[in-house]
1. List the pairs whose first member sits in the range 101-120 and is at negative phi, whose second member is assigned to a helix (DSSP H, G or I) and not β-branched (V, I, T), and whose Cβ atoms are under 9 Å apart, counting only residues at least 6 apart or on separate chains?
2. Quick one: in the range 24-83, of everything that is over 20 Å from the mean Cα position of the chain (by Cα) and surrounded by 14 or more Cβ atoms within 10 Å (Cβ to Cβ), which residue is modelled with the highest pLDDT?
3. Only residues that are assigned to a helix (DSSP H, G or I) and either at pLDDT 85 or above or among the polar types (S, T, N, Q) (or both): list them for the range 207-223, please.
4. Residues Y178, Y204: which one is over 22 Å from S105 (Cα atoms) and either of a type in the set (F, W, Y) or touching a residue at least 40 places away in the same chain (Cβ under 8 Å) (or both)?
5. Among the residues of the range 228-247, are any aliphatic (A, V, I, L, M), touching a Ser or Thr at 6+ places or on another chain (Cβ under 8 Å), closer than 16 Å to G177 by Cα and in the same structural domain as G191 (by TED's automatic domain parsing)?
6. Could you say whether any residue in the range 140-162 is of a type outside the set (S, T, Y), assigned by TED's automatic domain parsing to the domain that holds E226, at pLDDT 90 or above and at positive phi?
7. Show the residue pairs that are 6+ apart or on different chains and have beta-carbon atoms under 7 Å apart, the first residue being within the range 155-173 and without any contact (Cβ under 8 Å) to a residue 40 or more places away in the chain, the second being assigned to a loop (DSSP other than H, G, I, E, B) and among the charged types (D, E, K, R).
Amino acid sequence: MASKACGSTRRRVRRREFLAAGLGVLAAPVRGAAQPAPKLPRVGFLFSFTPASGRHLWDACRRGLRELGYVEDRTIVLLPRLELLAEVLRTVPRVAVLTNPDNSSHVVFLEETRTAGERLGIPRQKLEARNPDGIRQALQGGSGAAALIVFDDPVLWSHRQLIVELAASRRTPAMDGYSEFVDEGGLMSYGPDRIDLYRRTAGYVDRILRGARAGDLPIEQPTKFELVVNRKTANALGLTLSQAVLLRASRVSE
């Protein structure tokens with residue numbers, strides 16, 4: 001009898017151990033699913049070429065990272081930014097650029113767009129405006145351009161709603177450097193995150209208040225950029241935003 005009792009006890013113990021092990025296996029995926037996924041570093045690359053013409057250069061960037069031990073989508077996320085407006089429009093016979101001749105920095109912008117246009121085989125037409133009347137004259141003049149790039153400028157930025165309205169009236173896809181342009185109805189924007197830039201001014205204020213000389217403080221470059229696209233505007237223009245563009249977007253405005 002004692003032997004039977006001991007055998008029964010051992011079987012109960014084994015059953016409890018089996019049940020405990022089984023519950024442990026069942027519970028393991030639940031515990032694993034609750035763990036937050038590791039946050040991967042996201043690295044953006046800005047290129048002045050289309051995917052077809054510059055694939056070898058983009059592959060060289062990726063190869064260099066692999067040689068350093070990085071694995072795409074496992075240890076790092078790579079975000080190539082190509083010629084976005086050309087990618088959205090597929091074929092662009094001519095691009096107009098709206099510039100303020102009083103802004104000296106636009107000389108550099110014009111040279112950069114000229115170089116990019118030559119690489120892509122897209123003619124560039126310069127439009128100039130110093131004020132609202134100049135904006136109307138430039139955009140209502142019938143440039144024949146298939147798309148519009150608006151350079152960063154305080155005057156042009158302040159009248160972004162007028163620019164968006166005039167571009168829409170001519171069914172011209174327009175791109176700017178700041179997301180507020182898209183919020184007004186522009187097609188897309190790519191540039192520094194202005195909220196982040198203005199937030200970082202607090203660091204300068206703090207250092208000056210602590211006794212630092214303003215002239216000794218370093219000039220900081222933007223570190224956070226965003227691509228914003230307006231799906232509603234794209235639909236109104238009869239454009240289909242590719243999945244590649246949508247995946248790159250920091251924000252899609254509806």
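The values are calculated or read from the model by the stated rules, or taken from the named source; none is laboratory data. Please read all numbers here as calculations on a predicted model, not as lab measurements. Quick reminder, even Gly has a Cβ in these numbers, built from the backbone with ideal geometry, and neighbours come from all protein chains shown.
1. Pairs that qualify, where the first residue is at negative phi and the partner is assigned to a helix (DSSP H, G or I) and not β-branched (V, I, T), are N103/F109; N103/P154; N103/L156; A116/A86; R119/S53; R119/G54; L120/S53; L120/A86.
2. The residue in question is Y70.
3. R207, I208, A214, G215, D216
4. On the way: Y178 fails: over 22 Å from S105 (Cα atoms).
Sole residue among the options that is over 22 Å from S105 (Cα atoms) and either of a type in the set (F, W, Y) or touching a residue at least 40 places away in the same chain (Cβ under 8 Å) (or both): Y204.
5. Looking through the range 228-247, at least one residue is aliphatic (A, V, I, L, M), touching a Ser or Thr at 6+ places or on another chain (Cβ under 8 Å), closer than 16 Å to G177 by Cα and in the same structural domain as G191 (by TED's automatic domain parsing).
6. There is no residue in the range 140-162 that is of a type outside the set (S, T, Y), assigned by TED's automatic domain parsing to the domain that holds E226, at pLDDT 90 or above and at positive phi.
7. Going by the 7 Å Cβ cut-off, the qualifying pairs are R160/E184; Q161/E184; V164/E184.
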